[in-house]
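Only one structure is covered here, and it is reproduced in the block below.
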């Protein structure tokens, strides 16, 4: 079960998700927009990563797991699922 910092971040991410299940923003902008402390952000991100809900996609983007939160058709879901499965925290897997 998510604790308070993780739940706050998850709610913020769900409301600001785009069609690729990506939330844009640096940690600093996310902290300002959610009105939380840097410590809460760090704890919340660790918690969301532990439950495999979110991954850092690029330096300014976070991707939500399409199995957890997704809004769209089946075709787009499979594209996003492939993106999720091939993306790691350090970048795309080598084929």
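The values are calculated or read from the model by the stated rules, or taken from the named source; none is laboratory data. Bear in mind the structure is a predicted one, so any value in this text is a computation, not a measurement. For neighbour counting, all protein chains shown are included, and Cβ atoms are generated from backbone atoms with ideal geometry for every residue, glycine included.
Please find, among 8, 32, the residue that is part of a helix (DSSP H, G or I), surrounded by fewer than 19 Cβ atoms within 10 Å (Cβ to Cβ) and in contact (Cβ under 8 Å) with a residue 24 or more places away in the chain.
So the residue among 8, 32 that is part of a helix (DSSP H, G or I), surrounded by fewer than 19 Cβ atoms within 10 Å (Cβ to Cβ) and in contact (Cβ under 8 Å) with a residue 24 or more places away in the chain is 8.
Let me confirm something: among 52, 71, which residue is more than 15 Å from residue 4 (Cβ to Cβ) and either under 12 Å from the mean Cα position of the chain (by Cα) or surrounded by 18 or more Cβ atoms within 10 Å (Cβ to Cβ) (or both)?
Matching residue, one of 52, 71: 52.
Conditions tested, residue by residue: (1) at pLDDT below 90; (2) under 11 Å from the mean Cα position of the chain (by Cα); (3) loosely packed, with under 14 Cβ neighbours inside 10 Å.
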| position | (1), (2), (3) |
| --- | --- |
| 12 | yes, yes, no |
| 57 | yes, yes, no |
| 62 | no, yes, no |
| 78 | yes, no, yes |
| 92 | yes, no, yes |
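Residue 17 fails exactly one of the following numbered conditions: (1) surrounded by 13 or more Cβ atoms within 10 Å (Cβ to Cβ); (2) part of a helix (DSSP H, G or I). What is the number of that condition?
(2)
Can you pull out the residues in the range 35-46 that are under 14 Å from residue 4 (Cβ atoms) and part of a helix (DSSP H, G or I)?
Matches in the range 35-46: 39, 40, 41, 42, 43, 44, 45, 46.
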